[in-house]
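Before any comments, here is the structure.
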Amino acid sequence: MLVKQIYELLKQAELVDTLEKYSTLWLNKHKSTASYLIHKNKDLSINTKVNCLNNTNYHLKNINQRSLQNTLNSNILINLQKIKKTLEENILKNFD
């Protein structure tokens, strides 16, 4: 499930530490959204995927603007790029 996959990548990059933060800061939803989706074995809606993609792009832009980019945790950049690619591909599938 995409909801779990993205959460795990964000967690590995140390950008979130709870499902609640993931839901509010990355999905722009209620704090229990990710937990509910996982519990009910459901996945992200297109709207939520777009929210997450926008937040990912925002963070990528900020990382690229920092002069200390080389000292950042390499997992942050790698994982954000993985998330971006995964979301873009997944969103496009909905329109094929």
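Scan segment 2-16 for residues that are part of a loop (DSSP other than H, G, I, E, B) and touching a helix residue (DSSP H, G or I) at 6+ places or on another chain (Cβ under 7 Å) and the total you get is 3.
Inspect segment 56-65 for any residue being modelled with pLDDT of 95 or more, surrounded by 13 or more Cβ atoms within 10 Å (Cβ to Cβ) and out of contact with any Lys or Arg (no Cβ under 6 Å at 6 or more places or on another chain) and give the result as yes or no. Checking segment 56-65: at least one residue is modelled with pLDDT of 95 or more, surrounded by 13 or more Cβ atoms within 10 Å (Cβ to Cβ) and out of contact with any Lys or Arg (no Cβ under 6 Å at 6 or more places or on another chain). When residues in segment 36-50 are screened for being surrounded by 16 or more Cβ atoms within 10 Å (Cβ to Cβ) and more than 13 Å from N90 (Cβ to Cβ), 1 of them pass.
Among the residues of segment 21-44, write down those that are under 13 Å from the mean Cα position of the chain (by Cα) and either in a helix (DSSP H, G or I) or free of Cβ contacts under 8 Å to residues at least 12 places away in the same chain (or both). Within segment 21-44, K21, Y22, S23, T24, L25, W26, A34 meet the criteria. Selection within segment 12-35: residues that are modelled with pLDDT under 95 and closer than 17 Å to T86 by Cβ. The member of this set that is surrounded by the fewest Cβ atoms within 10 Å (Cβ to Cβ) is Q12.
The values are calculated or read from the model by the stated rules, or taken from the named source; none is laboratory data. This is a predicted model, so every value here is computed, not measured. All Cβ positions, even for glycine, are placed from backbone atoms using ideal geometry, and neighbour counts span all protein chains on display.
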